[in-house]
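These notes concern the structure reproduced below.
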Amino acid sequence: MRLPQTYREAFFSKSPMDTTFSRALDQMRDELSGVLSRLTPEMAETLMGEIEAAPRVFGCAVGRSGFILRGFLMRLMHLGLSVYVVGETITPRIQPGDLLLVMSGSGETAQPREVLRRANAVGARTLALTVNPDSAIGREAQVPLIIPGTTKLAQARETSSVQCPGSLFEQAAFLFLETVVLLLYQKRLAHDRGQVLARHADLE
């Protein structure tokens, strides 16, 4: 049975939202591909080396960056590393040789900036994920890792993006950190899901 033209159009034609949604996905994918192409294996090796050399890893970030960094620290815990989130009541004093990770696209966010300074003062290692190498955090971190993207400062030299300020940096940082998790998973546990699941929360 052949459907009338109006029915075929209703079932098979694209709506304006279909087109708009597809275009938005294409724009995001293209922007993110451009940023990811500028990340290097050396950046991953640097972060992995700092993490594995540290007796304990601390993390500090706020806003959306804070959610991303917390997710990364959770994965490090799943892989058997000792990790803490700055500001939690169970987080101990940082010691010389410990590693502090901070994440701030602008590199000027007040809390991670001050926490980084204190960690430097006590002799801890400090590593920052940021867009701006000339920011306070970019200058003062012992190991700055520069991830191109956009920030809340919307500076002229930032990577162009149609997305909300900060989104491109946050997306790229998330995927970069997930790549590091995968590399550590391969290296430390040889894809042993059992060891990861043994540390997965069961009080949920």
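Any read-out appearing in this document is the output of simple, stated calculations on the displayed coordinates, not a laboratory observation. Here the structure is a predicted model, which means the values were calculated and not measured. Quick reminder, even Gly has a Cβ in these numbers, built from the backbone with ideal geometry, and neighbours come from all protein chains shown.
If you take the Cα centroid of the stretch 91-112 and the Cα centroid of the stretch 31-66, the two points sit 13 Å apart. Under conditions of 37 °C and 0.692 mPa s, the stretch 86-129 yields 305 µm² s⁻¹ as its translational diffusion coefficient, taking Rh as the Kirkwood radius over Cα pairs in the Stokes-Einstein equation.
What fraction of the DSSP beta bridges in the stretch 11-131 is antiparallel, stated in percent and rounded to the nearest 5?
Rounded to the nearest five, the antiparallel share is 0 percent.
By how many degrees, 0 to 90 and rounded to 10, does the Cα axis of helix 63-78 deviate from the longest principal axis of the chain? Its long axis makes an angle of about 70 degrees. Between the helical axis of 110-122 and the dominant principal axis of the chain, each derived from Cα atoms, what acute angle in degrees is found, rounded to the nearest 10? On a 0 to 90 degree scale, this one is about 30.
Per residue and in Å³, how big is the convex hull formed by the alpha-carbon atoms of the stretch 39-188?
Convex hull of Cα atoms, per residue: 100 Å³.
By the beta-carbon count within 10 Å of each Cβ, the least crowded to most crowded order of 183, 76, fewest first, is 183, 76.
Charges at C-beta only: +1 for Lys and Arg, -1 for Asp and Glu. How large is the resulting dipole of the stretch 39-188 about its Cα centre, in Debye rounded to 20?
Numbers: 14 positive and 13 negative charges, 58 e Å.
The dipole magnitude comes to about 280 debye.
When the charge dipole of the chain is built from unit charges on Cβ atoms (+1 for Lys and Arg, -1 for Asp and Glu) and taken about the Cα centre, the candidate among 200, 79, 173 whose Cα reaches farthest toward its positive end is 200. With a ≥ b ≥ c taken as the square roots of the eigenvalues of the C-alpha gyration tensor of the stretch 36-123, please select rounded if a/c is under 1.5 and otherwise prolate if a/b is larger than b/c or oblate if it is not? Rounded.
Remark: 135, 22 ranked as 22, 135, counting other beta-carbon atoms within 10 Å and listing the fewest first.
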